[in-house]
Amino acid sequence: MATTEFIAAIELGSSKITGVAGRKNSDGSMQILAYAQEDSSTFIRKGVIFNLDKTAQSLTSIINRLEGELKNSIAKVYVGIGGQSLRTVRNVVSRDLEEEAIISEELVSAIGDENIAIPVVDMDILDVAPQEYKVGNNLQANPVGLVGSHIEGRFLNIVARASVRKNLEHCFQQAKIDIAEQLIAPLVTANAVLTESERRSGCALVDFGADTTTISVYKNNILRFLTVLPLGGNSITRDITTLQMEEEEAERLKKTYGDALYEEEPEQEEATCKLDDDNRIIKVADLNNIIEARAEEIIANVWNQIQLSGFDDKLLAGIIMTGGATNLKNLEEMLRKRSKIEKIRMARLPRNTVHAPSDILKKDGSQNTLFGLLFEGNQNCCLIETVSQPAPATPKPEAEVLKTADMFENDQDLKEQARIARLKKEEEEREAKLAAKEAEKLRKQKEKEEKERRKKEAKPGWFTTKMKKTIEEMTNIFNEDDEMK
């Protein structure tokens, strides 16, 4: 049976493009109805599209597969924007008032508009996270209604290279897919995995992806900092290939034997692992020396960015880790040792329940952004086609004609409108008949008058008859004179 009500979303990741369709349940959970995935490593790097044609082809394939499972057409999809160039830029807009006055909603809106109007070189402002407003010496989240002669608006603008949005929109246009809404991927992920308490108390969300790692810092329910590092799980995998193996084999060894804090037991035999492609034997210690070096670099950069945010000592809720690359053993412990923050939580699944088959639902943190896009959606993405009215059927004999249903029987307003329209139509028809009858009467009167006129013109007048008689008499006299001669 075809599904006619669902939300559809597509996540463009550095390792894969994933499409999903789901339906929200009354309890807030999500039922997954369709799922499709394709490798994107050859045309998306660091979260940025660099081959538009291949991306468009992959999008078309994803949509076709989803529609096949749904047995219906998809009208539009929600999509996330991310990538290496995504970051936040602080900005301050000040206004001096002539005298002390009450801060109005219009003034606050004007300050916000001025913030957006400030150009950022080679960047697009994707969204704005207002921080606080300073009125006098006090900081307020909402300054409307306060009295002051000076107001200062502090904003956090979320920006990305102009080409990011442009290339994304071009690919969807080429694939003939409408976008319901473009959502900022890190914000969607935060909404999916963070609790309100964590946002309020202060936390850092670290999303370890394939090619990038995103750091978002929250405090008092406000986004305070966001940046994207060009380092991820693939950085570790590529380092392992220096042991002379393909990336697929390196990825397998990383998942199977990888340990960010590997320590060999002195009394045990040296551990080894076997390569599938050429039956070579590699020491697990050598493998993990490479893994640890790169993991330590990534963790050091993550902690450095959290310190740069200025909130490293205000994270009462600690650090929340998510993303597919967080499955590396002891990566959490490495971050704990580096940051000296004991409170670290792994977010493997969204806070809201997702109902899906076990082969689709992965409890490794890699689908939090994808499912977050679904939960953010509020529009039906099913293509609803307008059914054309059938041609009128040949009238049947009176005995076979069925009684017509009254389409207004349950709506008194529509019923009254229909009655008034019917009376108006009857009045117009009656006036038309009277006008036609009057026109016919005038036409007949004119014809009669025209006939009489012609008759009068055809009948000889008195003068004409008298002259004719006189001429005849004179002719007779002349004829008599000729005969006498």
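The values are calculated or read from the model by the stated rules, or taken from the named source; none is laboratory data. Note that the structure is predicted; figures quoted are calculated from it, not measured. Neighbour counts are summed over all protein chains in view; Cβ atoms, including those assigned to glycine, are modelled from backbone coordinates with ideal geometry. Just so you know, the surface numbers come from the protein's heavy atoms only, side chains and all, with ligands and any DNA or RNA stripped out. Shrake-Rupley method; radii C 1.70, N 1.55, O 1.52, S 1.80 Å.
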(request) Of the numbered conditions (1) surrounded by fewer than 17 Cβ atoms within 10 Å (Cβ to Cβ); (2) without any contact (Cβ under 8 Å) to a residue 24 or more places away in the chain, Ala293 fails exactly one; give the number of that condition. (result) (2)
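Inspect the stretch 3-22 for any residue being open to solvent by 50 Å² or more (accessible area, probe 1.4 Å), under 21 Å from His355 (Cα atoms) and in contact (Cβ under 8 Å) with a residue 40 or more places away in the chain and give the result as yes or no. I'd like the intermediate steps shown before the answer.
First, pick out the residues of the stretch 3-22 that are open to solvent by 50 Å² or more (accessible area, probe 1.4 Å): 4-5, 16.
Okay, now just the ones that are also under 21 Å from His355 (Cα atoms), so 4-5.
Retained after the next criterion (residues that are in contact (Cβ under 8 Å) with a residue 40 or more places away in the chain): 4-5.
Looking for residues that are open to solvent by 50 Å² or more (accessible area, probe 1.4 Å), under 21 Å from His355 (Cα atoms) and in contact (Cβ under 8 Å) with a residue 40 or more places away in the chain, one finds at least one in the stretch 3-22, hence yes.
What number of residues in the stretch 35-51 are surrounded by fewer than 16 Cβ atoms within 10 Å (Cβ to Cβ) and either more than 19 Å from Ile74 (Cβ to Cβ) or touching a Pro at 6+ places or on another chain (Cβ under 6 Å) (or both)?
4
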(message) I'd like to verify a number: residues in the stretch 63-119 that are in a loop (DSSP other than H, G, I, E, B), touching a residue at least 12 places away in the same chain (Cβ under 8 Å) and open to solvent by 60 Å² or more (accessible area, probe 1.4 Å), how many?
(response) 3
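Yes or no, residue by residue, for (1) open to solvent by 10 Å² or more (accessible area, probe 1.4 Å); (2) touching a helix residue (DSSP H, G or I) at 6+ places or on another chain (Cβ under 9 Å); (3) aliphatic (A, V, I, L, M):
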| residue | (1), (2), (3) |
| --- | --- |
| Val217 | no, yes, yes |
| Ile222 | yes, yes, yes |
| Leu231 | yes, yes, yes |
| Leu261 | yes, yes, yes |
| Lys274 | yes, no, no |
| Ile282 | yes, yes, yes |
(request) Could you tell me whether any residue of the stretch 237-258 is open to solvent by 40 Å² or more (accessible area, probe 1.4 Å) and closer than 21 Å to Gly83 by Cβ? (result) yes
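Sort out which residues of the stretch 131-152 are open to solvent by 30 Å² or more (accessible area, probe 1.4 Å) and in contact with a Phe, Trp or Tyr (Cβ under 6 Å, 6 or more places away or on another chain), and write them in order of number.
Gln140 - this is the single residue of the stretch 131-152 that is open to solvent by 30 Å² or more (accessible area, probe 1.4 Å) and in contact with a Phe, Trp or Tyr (Cβ under 6 Å, 6 or more places away or on another chain).
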(message) Under 6 Å between Cβ atoms, which residue pairs at least 6 apart in sequence (or on different chains) link something in the stretch 179-190 that is in contact (Cβ under 8 Å) with a residue 24 or more places away in the chain and farther than 17 Å from Thr213 by Cβ with a partner that is surrounded by fewer than 20 Cβ atoms within 10 Å (Cβ to Cβ) and of a type in the set (Asp, Glu)?
(response) Leu183/Glu376
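Give me the residue from the stretch 348-366 that is among the small types (Gly, Ala, Ser) and surrounded by 15 or more Cβ atoms within 10 Å (Cβ to Cβ) and, out of that set, farthest from Glu332 (Cα to Cα). Before you say what the answer is, go through the steps one by one.
We begin by selecting, within the stretch 348-366, every residue among the small types (Gly, Ala, Ser); these are 356, 358, 365-366.
Checking which are surrounded by 15 or more Cβ atoms within 10 Å (Cβ to Cβ) leaves us with 356, 365-366.
Numbers: Ala356: 28, Gly365: 13, Ser366: 16 Å.
Across the stretch 348-366, the extreme among qualifying residues is Ala356.
Do we have any residue at all in the stretch 367-387 that's open to solvent by 20 Å² or more (accessible area, probe 1.4 Å), part of a helix (DSSP H, G or I) and touching a strand residue (DSSP E or B) at 6+ places or on another chain (Cβ under 9 Å)? I'd like the intermediate steps shown before the answer.
Initially, the stretch 367-387 is screened for residues open to solvent by 20 Å² or more (accessible area, probe 1.4 Å), giving 375-376, 378-380, 383-387.
Next, from what is left, pick out any that are part of a helix (DSSP H, G or I): 375-376.
In the following step, the residues that additionally are touching a strand residue (DSSP E or B) at 6+ places or on another chain (Cβ under 9 Å) were identified as 375-376.
Looking for residues that are open to solvent by 20 Å² or more (accessible area, probe 1.4 Å), part of a helix (DSSP H, G or I) and touching a strand residue (DSSP E or B) at 6+ places or on another chain (Cβ under 9 Å), one finds at least one in the stretch 367-387, hence yes.
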(request) Quick one: count up the residues across the stretch 326-342 that are surrounded by 14 or more Cβ atoms within 10 Å (Cβ to Cβ) and not in a helix (DSSP H, G or I). (result) 4
(request) Output the residues belonging to the stretch 248-288 that are closer than 30 Å to Lys337 by Cα and without any contact (Cβ under 8 Å) to a residue 12 or more places away in the chain. (result) Glu263, Glu265, Pro266, Glu267, Gln268, Glu269
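Does Gly202 satisfy being in contact (Cβ under 8 Å) with a residue 12 or more places away in the chain, of a type outside the set (D, E, K, R) and more than 23 Å from Phe155 (Cβ to Cβ)? Before you say what the answer is, go through the steps one by one.
Working: in contact (Cβ under 8 Å) with a residue 12 or more places away in the chain: yes; of a type outside the set (D, E, K, R): yes; more than 23 Å from Phe155 (Cβ to Cβ): no.
No, not satisfied.
Would you call Ala293 part of a helix (DSSP H, G or I) and among the small types (Gly, Ala, Ser)?
Values: part of a helix (DSSP H, G or I): yes; among the small types (Gly, Ala, Ser): yes.
So Ala293 fits the description; yes.
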